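Colleague: Can you keep this structure in mind? I'll have questions shortly.
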Amino acid sequence: MTSFRSLCETIQKIREIRGSNAKIDICSDFLSGIEDDSDLLLSAQFIGEGAFSNISGRKASVGSRTAGVAAADFCEIDYDLVFKPSRTATGSGSETIARLMENVEAACNKRDPEKNSLQEIMQWFEELEKASSRADKQLLLHRMWSKMTPVEIKYSIRMLGQGSLRIGFETKSVVAAISKAFGADKEEVRYAHMITGSIGKTAILAKNGNLSEASFSLFHPLSFMLASPIESRSVSDMSEYIAEEKFDGMRAQIHADGDKVEIYSRDLNEIKSSFPEIVEFFCKRNMQGTVLDGEICIFLDDKIMPFQLLQKRMGLKKPGSKILSEYPALFVAFDLLCENGEPVFSKTLEQRRRQLENLASSYSLPVTTQMELSSDQDIDKLFDLAVAHGNEGLMLKHRQSSYEYGQRGKSWLKVKNPGGTLDTIIMYAHAGSGKRGGLYSDFTLGISVQDDERFEEEFIPIGKAYGGYTDEELKRLNREVKDAAVQRYGPTLGLLPRIVVEIEFDDIQVNRRTKAGYTMRFPRFRAIRWDMSPSDVNTLNDVEKMFREKLNREIAEQGENTSFRVY
């Protein structure tokens, strides 16, 4: 039997060691020693996905306040006077609870740790999912904690959050660890993970040498192929690429089989209730075993409208007739992932495109227009045309590329206005004043450093912004901010990394007083990306490349420097 304690102690070792390869080695050694398949499934799941598998649609819904109040009661301390200041000092609710459990006498006396099996812990998670009231959840937490060590308590809380364990070890590292543990090809492991949607099932397939048996099934979201900024990738031959206009919409995936249709967002959430007209459109077409990748846009007067109008539809579970008529949504396909139940990921873009066009002809589907490229001048001309059409810019796609799910590479490149936007995460929310009194209206934005050996954190600040949103967006933002809050520093809230914002700015500047070493000049909200997840946030490496490219452009424009000479 693999105990939950040994799993959590391994997770803590991964947290404490620096270096991706060293972290992978620790995880690999642990996974390779697990004999029971059900233990292996839960171990991989708990490390890589949380309490429940991503494809299960299940959540335990234990908020930070619920856990905090339960911990204060368990430790017999005052929540406001002791727990909250302690949380502020550590910067983490789960870390605070673990330290209290280890050091407060009342908590030590109430705990008699057992070597809980992974199956027993899973039963606790399932009971917490079913509990409806805060009191019931807190009672269950007390029963769990009475049988756990502090490190088990800390990581069980993080697993219930269904997000990152915050140990600098994301899904791609778990995939690498599974590959190493069982001597399996990493690309085959990654492929199996994509089509099964379960890191636990993937681990079992790898252990038993059955990765080739991983089968695709409809109606679980697939990892999206991602694009890199063209500034960060050199392209020697433009004729190897085709161009498409980059719509100012929301990336989505359609799964259709007869009259059953599902829509998944980029963060792999099911969103069909928000777009009933798109569901109806595909139901009427009675397509068989089809998965499409594309963009949801607001389409009015034969025009694709700005993203800000689409935001009025996002998050609405049951949009009314007025909303549906004023902001009609359209799905425009640009790639085909599956046809007649057969995945086509490994085919080239040109092959997938031919299949997509044949499908579109048969079922009258909206599909992006592709344009030929031969030189950089073509990009400039097509970019200006895309902007004139009200779109963000261009997508350049390599003709021979397969569908590289969940990865950024050279196969897809995006061309947007130079140096103007970053996808960031809200780290802190600051209370406003004046007419915004009572609302959190100023925000500290962060970029990702989770794969950066220079840092132990996942995100570091890159700047602050306090404008660019509507009053309605600010109201929703405040609801989400309060739900994500884990710390309070007077008028400032520290947040879980949940809310992604596309920030527009005039320039990137060096600022050695900041942890990133850079800051944004005149940052403002361009869009709140409810459809994106923390994994989509730009990295410090992206910022550094952006700054270098800007500097090189400025030097090139200045020409030869005649202010001095070398003898």
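Colleague: Give 359, 336 a once-over and let me know the one that is assigned by TED's automatic domain parsing to the domain that holds residue 257, surrounded by fewer than 20 Cβ atoms within 10 Å (Cβ to Cβ) and modelled with pLDDT of 95 or more.
Modeller: On inspection, the qualifying residue turns out to be 359.
Colleague: Moving on. For region 185-203, which residues satisfy the criterion of being surrounded by fewer than 22 Cβ atoms within 10 Å (Cβ to Cβ) and over 20 Å from the mean Cα position of the chain (by Cα)?
Modeller: Correct list: 185, 186, 187, 188, 201.
Colleague: OK, next. Taking helices (runs of 4 or more DSSP H) that fall entirely within region 13-113, which contain at least 2 residues that are surrounded by fewer than 20 Cβ atoms within 10 Å (Cβ to Cβ), out of contact with any helix residue (DSSP H, G or I) (no Cβ under 6 Å at 6 or more places or on another chain) and charged (D, E, K, R)?
Modeller: Passing ranges, in order: 20-32, 64-75, 93-103, 105-110.
Colleague: Moving to a separate point now. Hey, can you tell me all the residues within region 33-47 that are closer than 11 Å to residue 171 by Cα and in contact with a strand residue (DSSP E or B) (Cβ under 9 Å, 6 or more places away or on another chain)?
Modeller: Answer for region 33-47, where residues must be closer than 11 Å to residue 171 by Cα and in contact with a strand residue (DSSP E or B) (Cβ under 9 Å, 6 or more places away or on another chain): there is none.
Colleague: Okay, moving on. For residues in region 480-530 being modelled with pLDDT of 90 or more, outside any loop (DSSP other than H, G, I, E, B) and charged (D, E, K, R), which is farthest from residue 431 (Cα to Cα)?
Modeller: 502
Colleague: Moving to a separate point now. Mind telling me which of the residues 263, 271 ends up being closer than 28 Å to residue 538 by Cβ and in contact with a Lys or Arg (Cβ under 8 Å, 6 or more places away or on another chain)?
Modeller: 263
Results for (1) assigned by TED's automatic domain parsing to the domain that holds residue 332; (2) of a type in the set (Ser, Thr, Tyr); (3) touching a strand residue (DSSP E or B) at 6+ places or on another chain (Cβ under 8 Å), shown as yes or no for each residue.
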site: 256; (1), (2), (3): yes, no, yes
site: 261; (1), (2), (3): yes, no, yes
site: 265; (1), (2), (3): yes, yes, yes
site: 287; (1), (2), (3): yes, no, yes
site: 300; (1), (2), (3): yes, no, no
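Colleague: Sort out which residues of region 232-249 are modelled with pLDDT of 80 or more and of a type in the set (Gly, Ala, Ser), and write them in order of number.
Modeller: 239, 243, 249 - these are the residues of region 232-249 that are modelled with pLDDT of 80 or more and of a type in the set (Gly, Ala, Ser).
The values are calculated or read from the model by the stated rules, or taken from the named source; none is laboratory data. This is a predicted model, so every value here is computed, not measured. When we count neighbours, we look across all protein chains shown, and the Cβ atoms used for this are built from the backbone with ideal geometry, even at glycine.
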